[in-house]
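**Student:** Sharing a structure, written as C-alpha cells. Questions coming.
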Amino acid sequence: MDAYVIARKPKSLLCQPILRNGVLTGVLYLENSASTDVFTPERVELLGILAAQAAISLDNARLYDQREKALEAAKESARLKGEFLAKTSHELRTPLTSIINVPKMVLQAMTRQPGAVCSRCSSTFALDPGEQAHPALSCARCGQTGTLVPSAIAEYRGNLIEVCEYMEMLVKSGTLLLQVVNNILDFSKLEAGREVLQVETFPIRQVVDEVLAATAVLADQKEVAFDLATIPEDLELTADRIKITQILLNLLGNAVKFSPRGSHVLLEVKQTADQIQFVVKDQGIGIAAENQALIFESFRQVDGGPTRRFGGVGLGLAITRSLVELHGGQILVHSALGQGSEFTVALPRQGRPDADNRTSSPPRSTPPIEPNPGGSR
Ligand code: ADP
C-alpha cells in the first residue's frame with residue numbers, strides 16, 4: 001500500500017480522474033480522516049461535475065501558459081530583430097563613412113586645370129589661363145608639331161605616402177562591408193535551405209595556410225600571434241573547401257577579435273580514425289557557461305547592447321554551426337569567463353555519410369544540446 005495512505009490512515013478516500021477529450025489531464029484527490037463512506041454516489045456525481053469544470057480550467061491555464069510563452073518568444077524575437085537592425089546599420093555605416101570621407105580628403109588636396117597631352121610621347125603640360133593647345137604648337141619634350149591635344153591635368157598637393165594609407169583604409173572598409181553583406185546573404189541562403197555542398201578532397205595544410213594568411217592583417221594589428229601545431233603535408237579532408245575555409249575564418253576571426261593585445265591563438269588539427277578535428281584556442285575574454293549555448297543562435301552576441309565593445313552582427317557562429325552540421329559534423333565550445341575559449345569542429349574525414357542529402361537546414365534559434373556544467377555543447 002502507498003506509504004502516504006499507511007501514514008495518514010484516511011477513513012474515506014476518493015480519486016477522480018480529470019479528463020479532457022478522453023485524455024487524463026489531472027486527478028482530483030480527496031480524503032476524510034473522520035468518517036468512512038463519505039463519498040456517496042450523489043457526492044461522487046457532484047465531484048464528477050467539478051472534475052469536468054476543473055478539466056476546462058486546467059486546459060485554459062495550459063493554453064494561457066502557452067500563449068504567454070509564445071508572446072515572450074515573439075517579444076524576444078522582436079527585440080533581437082531591433083538589435084540586429086541597429087547593429088547592422090552601425091556595421092555598415094562605419095566603413096561606408098570612410099569610403100565617402102577618404103576620397104573626399106584626397107580630392108581636397110587635388111587641383112584640376114586645363115592642359116595638353118602630346119599624342120606622340122604622352123607628355124602632359126599645364127596651360128596658362130587663356131592659353132590653348134594650338135595645332136601649330138610643338139611638344140616641348142619630343143619636339144613634334146601638331147601633336148598637342150587639349151586635356152585636363154590633375155595635381156596632388158599632399159604626400160603620396162598618405163594616399164597609400166588612404167587606399168589601405170578603403171580596402172579595409174570595403175572588406176568589412178563585404179563581410180557583413182556576405183554573412184547576411186549566407187545566413188539567408190542557409191535559412192532557406194538553399195546551401196549546397198561542393199565536396200572535393202584537398203590537403204588541409206593548404207586551407208589552413210590560406211586562412212592564416214587572410215587573418216594575418218587583423219592579428220598583426222592586435223599583435224596577436226598564431227601558434228600552429230604541425231599539420232602533416234599529406235593530411236586530407238573530403239568536404240566543401242570554401243565552406244571549411246569560411247568556418248576557420250569565422251573561428252580565427254573571433255579568436256583574434258576577443259583576445260587581448262599580445263596574446264596567442266592556437267590552431268591545431270587532430271585526426272582520429274574517422275574524424276578530422278580543428279581546434280581554435282584563444283586567451284581572450286572567455287564566455288560564461290550560461291551564454292555558451294546562446295552564442296550559436298542567430299543574431300546573438302554576449303554583449304549585444306548599444307554600449308557593446310566588439311563589432312559584428314551575431315551571425316558568424318550561427319552560420320559556422322550550420323556549415324559544420326551540413327557536413328555531418330559537430331561544433332563544441334569549452335570556455336571560462338576571463339580565461340579564454342576553445343572551439344572544436346569535428347568533421348567526418350570522408351565527407352558526410354548520407355552524401356545525397358547535402359542541402360542545408362535552417363540555422364536553429366535553439367541549440368540541440370544544452371551546455372553541460374563543464375561548459376560545452
Ligand atoms: P559576431 O560576428 O557578432 O561576433 P558570432 O556569431 O561570431 O557573432 O559570435 C557571437 C558571440 O559569441 C560574440 O558576439 C561573442 O559574444 C561570443 N564569442 C564568439 N567567439 C568568441 C571567442 N573566441 N571569445 C569570446 N567570445 C566569443
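**Student:** Search the structure for amide H atoms under 5 Å from the amide H of Glu200, placed 1.01 Å from N in the peptide plane, and list their residues when 5 or more places away or on another chain.
**Tutor:** Close amide H contacts, sequence-distant or interchain: Ala239, Asp240, Arg241.
**Student:** Among Val180, Thr94, Val199, whose Cα lies farthest out toward the positive end of the dipole of the chain, if unit charges sit on the beta carbon of Lys, Arg (+1) and Asp, Glu (-1)?
**Tutor:** Thr94
**Student:** Taking 1 over the mean of 1/r across every pair of different Cα atoms in the chain, what Kirkwood radius in Å do you get? Working shown, then result.
**Tutor:** Details: mean 1/r = 0.0368 Å⁻¹.
This gives a value of 27.2 Å.
**Student:** Name the residues whose placed amide hydrogens come within less than 5 Å of the amide hydrogen of Ile153, ignoring near sequence neighbours (fewer than 5 apart) on the same chain.
**Tutor:** Gln113, Gly115
**Student:** Beta carbons within 10 angstrom, averaged per residue: use that to sort the peptides 28-35, 82-89, 313-320, 269-276, highest first. Working shown, then result.
**Tutor:** Working: 28-35: 11.8, 82-89: 15.8, 313-320: 23.8, 269-276: 13.8.
Listed from highest to lowest mean packing, they are 313-320, 82-89, 269-276, 28-35.
**Student:** Using the basic label-point model (7 angstrom from Cα toward the beta carbon), what is the His90 to Ser35 distance in nanometres?
**Tutor:** Spacing of the two 7 Å Cα→Cβ label points: 7.3 nm.
**Student:** May I ask for the Rg/Rh ratio of the stretch 130-224, computed from Cα atoms with Rh as the Kirkwood radius, given to two decimals? Display every interim value, and only then the final one.
**Tutor:** Details: Rg = 25.8 Å, Rh = 19.8 Å.
Ratio value, two decimals: 1.30.
**Student:** Another one. For the ranges 291-300, 255-264, what's the packing order if you count other beta-carbon atoms within 10 Å of each residue, average per peptide, and put the highest first? Intermediate results must be reported in sequence, preceding the final value.
**Tutor:** On the way: 291-300: 20.2, 255-264: 17.0.
Going from most to least packed, we get 291-300, 255-264.
**Student:** Turning to a different aspect of this structure: Report the residues of the stretch 186-227 in range of a label on Arg261: point 7 Å along Cα→C-beta, backbone N strictly under 18 Å from it.
**Tutor:** 217-226
**Student:** Could you tell me which of Gly351, Gln144, Leu326 has its Cα farthest along the dipole of the chain towards the positive end, charges placed at Cβ (Lys, Arg +1; Asp, Glu -1), taken about the Cα centre?
**Tutor:** Value computed over the given set: Gln144.
**Student:** Between Arg62 and Glu162, 0.36 nm times their residue separation minus their Cα-Cα distance comes to what? List each step's numbers first, then the result.
**Tutor:** Values: separation 100, 0.36 × 100 = 36.00 nm, distance 6.74 nm.
In short, 29.3 nm is gained.
**Student:** Using the alpha carbons of the stretch 193-348, what is the convex hull volume per residue in cubic angstrom, as a whole number? Intermediate values should be presented prior to the final figure.
**Tutor:** Values: hull volume 17.8 nm³, N = 156.
Convex hull of Cα atoms, per residue: 114 Å³.
**Student:** Hey, another quick one. Which far-off residues, 5 or more places away or on another chain, put their amide H under 5 Å from the one on Leu28, with H placed in the peptide plane?
**Tutor:** Gln16, Ile18
**Student:** Give the peptides 220-230, 71-81 in descending order of average Cβ contacts within 10 Å, highest first. Walk me through the intermediate numbers first.
**Tutor:** On the way: 220-230: 13.0, 71-81: 11.4.
Per-residue Cβ counts within 10 Å, averaged per peptide and sorted highest first, yield 220-230, 71-81.
**Student:** Could you check the spin-label model distance between Ala7 and Val106? Points 7 Å from the Cα along Cα→Cβ, value in nm.
**Tutor:** About 8.3 nm separates the two model spin labels.
**Student:** Within the chain, which cysteines find no other Cys whose Cβ is under 4.7 angstrom from their own?
**Tutor:** Flagged as lacking a Cys partner: Cys15, Cys164.
**Student:** Let me have the relative contact order for the chain, percent, based on Cα pairs under 8 Å that are six or more residues apart. Before the final figure, lay out the partial values.
**Tutor:** Numbers: 596 pairs, mean separation 48.8, N = 377.
Result for the chain is 13 percent.
**Student:** Among the listed pairs Lys257/Lys281; Lys81/Lys189; Lys69/Lys189; Lys104/Lys257, which have their C-alpha atoms separated by more than 21 angstrom in this model? Let's see the in-between values first.
**Tutor:** Values: Lys257/Lys281 13 Å; Lys81/Lys189 18 Å; Lys69/Lys189 29 Å; Lys104/Lys257 30 Å.
From Lys257/Lys281; Lys81/Lys189; Lys69/Lys189; Lys104/Lys257, over 21 Å: Lys69/Lys189; Lys104/Lys257.
**Student:** Now for a separate question. Can you tell me the dipole magnitude for the chain around its Cα centre, using point charges on the Cβ only (Lys, Arg +1; Asp, Glu -1), in Debye to the nearest 20?
**Tutor:** Details: 38 positive and 42 negative charges, 152 e Å.
Dipole magnitude for the chain comes out near 740 debye.
**Student:** What is the angle, in °, between the Cα long axis of helix 41-108 and the longest principal axis of the Cα atoms in the chain? Nearest 10 is fine, range 0 to 90.
**Tutor:** Roughly 10 degrees between the two axes.
**Student:** What is the gain in length, in nm to one decimal, between Arg43 and Gln221 on full extension, counting 0.36 nm per residue of separation less the C-alpha to C-alpha distance?
**Tutor:** Residue separation times 0.36 nm, minus the Cα-Cα distance, leaves 55.9 nm.
**Student:** A further question follows. Could you please state, rounded to a whole Å, how far the C-alpha centre of the stretch 150-191 is from the C-alpha centre of the stretch 225-260?
**Tutor:** Using only Cα atoms, the two centres lie 26 Å from each other.
Each reported figure results from applying straightforward, stated rules to the coordinates on display, with no laboratory input. Not measured: the values here are computed from a predicted model. So basically every Cβ, Gly included, is an ideal-geometry build from the backbone, and we count neighbours across all protein chains shown.
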